[in-house]
Structures are given as structure tokens and as C-alpha cells.
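Inspection log for the structure reproduced underneath, given as C-alpha cells.
The values are calculated or read from the model by the stated rules, or taken from the named source; none is laboratory data. No experiment lies behind these values; they were computed from the predicted model shown. Cβ coordinates were reconstructed from backbone atoms using ideal geometry, including for glycine residues, and neighbour counts include every protein chain displayed.
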Amino acid sequence: MKRIILLIACMVSIAIHAQTVRVAAAGNLRFIIGDIKAKYLVINPKANIAVTLGASGALTQQIINGASFDIFMAADIKFPQKLKDQGCATGDVKTYGFGKLVLWSNRLDVSKGVEILNDKRIMRIAIAKPEIAPYGERAVECLKYYKLYENSKKKLVYADNIEQAAQFAETGNAEIAFLAYALLFGPEIKGKGYYFVIDTSSYKPVEQACVLIKGWERNREAAKFMNFVLSAECKPIFEKYGFIVPK
């Protein structure tokens, strides 16, 4: 009898584990993934979605080193493709949306555009580390496009991810920050300060893509969740946060 009870308990444990979808997601998706998760759980109440947020480059390295994830939702297409090329991901790399880069300040009016960066009141400019965060890389591209990089590079304060860059500007550790547009909808920033949407011609498109991580086959809920992310049902969610969703 004890053996039967133990067997049943193990089967229940395995079933529960199989329903847990482990998602590695770019920091700019914090609020988007929360909305998507909530909508998915209404339709699939028994599912469990565990999300880990971070810089896309850092998450990529964790996955290469063996971190246990089922899905990777990056802030660009380069890092998911890198995982695919190294045999850490399976299936197609799929674009779920194009993000936008913005300037944001808690106290300075940035509505006139990037020229504000020449303002003598600006001593620190927060950006995410370009080598691991696509929005940080795009910030550098933007600065170079407008020929502002040389005058600004000594003022740059590098954050570990895009969320931390927002924190630097929100708390006053930087006068201004380059952020992902989607983060403007978070409770810490929404309705506060000033922002300016940067012309997309000044940086490479922020094509954000996702991919299934090798081993997801043991958890079929993973493919189901990723298909939901890419479905028409989630299109309004991405658009709500300023994304351009491909047809």
C-alpha cells in the first residue's frame, strides 16, 4: 500500500513539474510577460509559468552553461540565433515584435530630442551594458549616429540590464537614461518624468525573438506557451507596450 501511495505521489510530482514552463526573458518584457502569463493562466489554469528576467547576453551565457530553461525571449534576434547555432536551442527562431528606444528623465524635459544630451546639467547618462543588452547596444549606435558619442562617453553609466538603467535615472543616480519604450509603463516610471521616442533610423531595428531551448521536449507545455505568445491573442498586449508586431 505504501508503495502505491509513493508511486502516486511521484506521478503527481512529475505531472506538476511537466506543467512548469521556465522562461528566460529580456528585462524590457517584465510587464508584458506578466500580462501574457495572466491571460494564459485564465485559459490554462493548471499551468505554471516561471519567469527569469535579465540582460539577453547574460541569459544566453547562462543557457550555454546549462541553466534550465524551456523558452528564451530575447531583446534581439542575435542571441537566440547564437543559441541555435551552438546547438542549445531547437526549432525556428521566431520574431515576436520590434521594440523602440527612448530617452527618459525623471526631472529634465527631454521632449526636444537627443540634443538634450549636450545640456551641461547632465553629468551621467544611464545605458545597459552594450555587450550583453541589445538596448544598450542600440543606445551607443544612436549616440554615434547623432555624433554625440565622443562628448557623451565619459558620462555613460553602465547598468547590468535595461531595468537597472531605468532605476539609475529614476533614483537620481543618472540625470537621463536610454530605455526600452515598454518600461515606461511600469509602476516606477509610468506617468513620471519626461520621455522622447528616438527616431528608429538612428539604430538597427530591435527585432525581439524567441526560441525553444534544447530539452523542452520533456515539457510539452513549453511549445504550447510559446505558440500562445506568438498568437493573435497576444498581439494587443505587445502593442499596448509600444511594440510593432509582425504579421
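Looking across the stretch 140-193 at every residue that is of a type in the set (K, R) and part of a loop (DSSP other than H, G, I, E, B), the one that is surrounded by the fewest Cβ atoms within 10 Å (Cβ to Cβ) is identified as K147.
Given the condition touching a Phe, Trp or Tyr at 6+ places or on another chain (Cβ under 9 Å), assigned by TED's automatic domain parsing to the domain that holds N219 and among the basic types (K, R), answer yes or no: does some residue in the stretch 65-79 qualify? Within the stretch 65-79, not a single residue is touching a Phe, Trp or Tyr at 6+ places or on another chain (Cβ under 9 Å), assigned by TED's automatic domain parsing to the domain that holds N219 and among the basic types (K, R). Going through (1) outside the structural domain of T52 (by TED's automatic domain parsing); (2) touching a residue at least 60 places away in the same chain (Cβ under 8 Å) one by one, K214 falls short only on (1).
Do we have L83 as among the aliphatic types (A, V, I, L, M), buried (at least 17 other Cβ atoms within 10 Å of the Cβ) and in a helix (DSSP H, G or I) here? Answer is yes for this residue.
Taking the criterion of being of a type in the set (F, W, Y) and in a strand (DSSP E or B), no residue of the stretch 212-225 qualifies. Filtering E175, E217, E163 for residues that are closer than 16 Å to W104 by Cα and modelled with pLDDT under 95 leaves a single hit, E163. Taken over the stretch 31-56, the criterion of being free of Cβ contacts under 8 Å to residues at least 60 places away in the same chain, more than 22 Å from L183 (Cβ to Cβ) and not in a helix (DSSP H, G or I) is satisfied by P45, K46, N48. Could you list, in sequence order, the residues of the stretch 115-129 that are under 18 Å from Y146 (Cβ atoms) and buried (at least 16 other Cβ atoms within 10 Å of the Cβ)? I116, L117, I122, I125, A126, I127, listed by residue number. The residue of the stretch 197-230 that is nearest to the chain's Cα centre (by Cα), among those that are surrounded by 18 or more Cβ atoms within 10 Å (Cβ to Cβ) and of a type in the set (D, E, K, R), is E207. Look at F69 and say whether it is out of contact with any Lys or Arg (no Cβ under 8 Å at 6 or more places or on another chain) and either among the aromatic types (F, W, Y) or in a strand (DSSP E or B) (or both). No.
Among the listed residues F196, F228, F238, identify the single one that is in a helix (DSSP H, G or I), out of contact with any His (no Cβ under 7 Å at 6 or more places or on another chain) and within 24 Å of P134 (Cα to Cα). Break it down into steps so the answer makes sense when it comes.
On the way: F196 fails: in a helix (DSSP H, G or I); F228 fails: within 24 Å of P134 (Cα to Cα).
Residue meeting the stated conditions: F238.
Within the stretch 57-80, residues that are surrounded by 17 or more Cβ atoms within 10 Å (Cβ to Cβ) have Cβ atoms under 7 Å from residues that are among the basic types (K, R) in these pairs: T60/K82; F69/R22; D70/R22, counting only partners at least 6 apart in sequence or on another chain. Cβ-Cβ distances below 8 Å connect the following pairs, each with a first residue in the stretch 99-122 that is assigned by TED's automatic domain parsing to the domain that holds K153 and without any contact (Cβ under 8 Å) to a residue 40 or more places away in the chain, a second residue that is outside any helix (DSSP H, G or I) and surrounded by 11 or more Cβ atoms within 10 Å (Cβ to Cβ), and a separation of six or more residues or different chains: N118/L148; D119/L108. Based on this model, can you work out whether V23 counts as in a strand (DSSP E or B), surrounded by fewer than 20 Cβ atoms within 10 Å (Cβ to Cβ) and at pLDDT 95 or above? No: the conditions fail for V23. Among the conditions (1) free of Cβ contacts under 8 Å to residues at least 24 places away in the same chain; (2) assigned by TED's automatic domain parsing to the domain that holds R124, K235 misses just one, which is (2).
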